[in-house]
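Single-structure report; data block below.
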Amino acid sequence: MLKVKIAPSILAADFAELGKAVKRLEENGADLVHCDVMDGSFVPPITFGSQMVEQIRPHTTLPLDCHLMVNHPKTQLEAFAHAGASIISVHVEACKKQTLQTLKRIKRLGIKACAVCNPETPAEALFECVAEADMLLVMSVHPGWGGQKFIPESLKKIEALREYAQKAGKPQLDIQVDGGVTPENVKEVISAGVNVIVAGSAVFRAPDMRAAIAKLRGE
Ligand code: DX5
Ligand code: ZN
């Protein structure tokens with residue numbers, strides 16, 4: 001069994017206090033900090049960009065997992081690398097036919113590369129990325145907002161990707177899920193083959209952050 005890593009999303013944090021929020025995540029046992037970057041075009045809302053990530057960087061030693069929900073991810077890679085991103089995730093829907101090329105460019109910058117697919121995109125769209133990617137991300141809600149309900153069909157996609165990765169000789173590949181994960185459904189998600197859990201509301205809205213993060217490990 002792969003070690004389960006928890007990547008709380010700062011989308012659910014107080015944006016006026018992001019430095020304190022990432023510090024709190026580290027003190028309470030998080031493994032990564034998930035940064036939801038939205039451009040108002042790939043998804044309707046606008047959140048923040050590389051400058052914000054650069055300003056968060058000194059406040060934690062945790063890896064910064066940057067999820068780019070933007071229409072032109074290729075134009076942003078250098079800026080996020082410079083800002084201190086540890087992982088950059090790009091959507092296959094935004095990269096179109098250039099996903100593999102984009103993953104390679106991310107890796108050349110010395111950063112881990114992840115390919116993401118939206119709920120309406122089949123798992124097969126990520127198959128070709130297995131050889132190149134350090135991580136795959138299955139969106140289990142429609143991107144753009146926190147606090148939505150987990151889409152159950154995502155479980156089948158996760159299973160298909162874990163099986164494909166195993167057959168392709170990459171059984172240790174990180175598979176991440178993002179959206180609507182709670183202590184109640186996390187066990188199902190982990191048994192489907194996920195080992196990296198994104199959670200916004202379940203971490204920041206919990207009365208006890210440490211207990212919430214521990215519960216999300218499915219222990
Ligand atoms: C949605 C974001 C998610 C979101 C998850 O577009 O990519 O990372 O913050 O939030 P919860 O855990 O509240 O569904
Ligand atoms: Zn995200």
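Every number here is computed from the coordinates shown, using simple stated rules; none is lab data. Owing to the predicted nature of the structure, the values given are computational and were not obtained by experimental measurement. Here the Cβ is made from the backbone with ideal geometry for all residues, glycine too, and neighbour counts use every protein chain on show.
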Selected residue [part of a loop (DSSP other than H, G, I, E, B), out of contact with any Gly (no Cβ under 7 Å at 6 or more places or on another chain) and acidic (Asp, Glu)] from GLU132, GLU188: GLU132
Residues (surrounded by 21 or more Cβ atoms within 10 Å (Cβ to Cβ) and closer than 16 Å to CYS117 by Cβ) located in segment 71-86: PRO73
Any chance ALA12 is in contact (Cβ under 8 Å) with a residue 60 or more places away in the chain, among the aliphatic types (A, V, I, L, M) and within 30 Å of LYS170 (Cα to Cα): no
Residue within segment 148-157 that is in contact with a strand residue (DSSP E or B) (Cβ under 7 Å, 6 or more places away or on another chain), away from ligand 1 (no atom under 11 Å from the Cβ) and more than 29 Å from ASP14 (Cβ to Cβ) present: yes
Hits in segment 87-112 (condition: under 21 Å from PHE48 (Cβ atoms), more than 16 Å from ligand 1 (Cβ to nearest atom) and outside any helix (DSSP H, G or I)): LEU109, ILE111, LYS112
Index of the failed condition, CYS35 passing every other in (1) surrounded by fewer than 17 Cβ atoms within 10 Å (Cβ to Cβ); (2) within 16 Å of ligand 2 (Cβ to nearest atom); (3) touching a residue at least 24 places away in the same chain (Cβ under 8 Å); (4) under 30 Å from ARG24 (Cα atoms): (1)
Members of segment 129-147 found to be within 15 Å of ligand 1 (Cβ to nearest atom), in contact with a helix residue (DSSP H, G or I) (Cβ under 9 Å, 6 or more places away or on another chain) and without any contact (Cβ under 8 Å) to a residue 60 or more places away in the chain, listed by number: LEU136, VAL138, MET139, SER140, VAL141
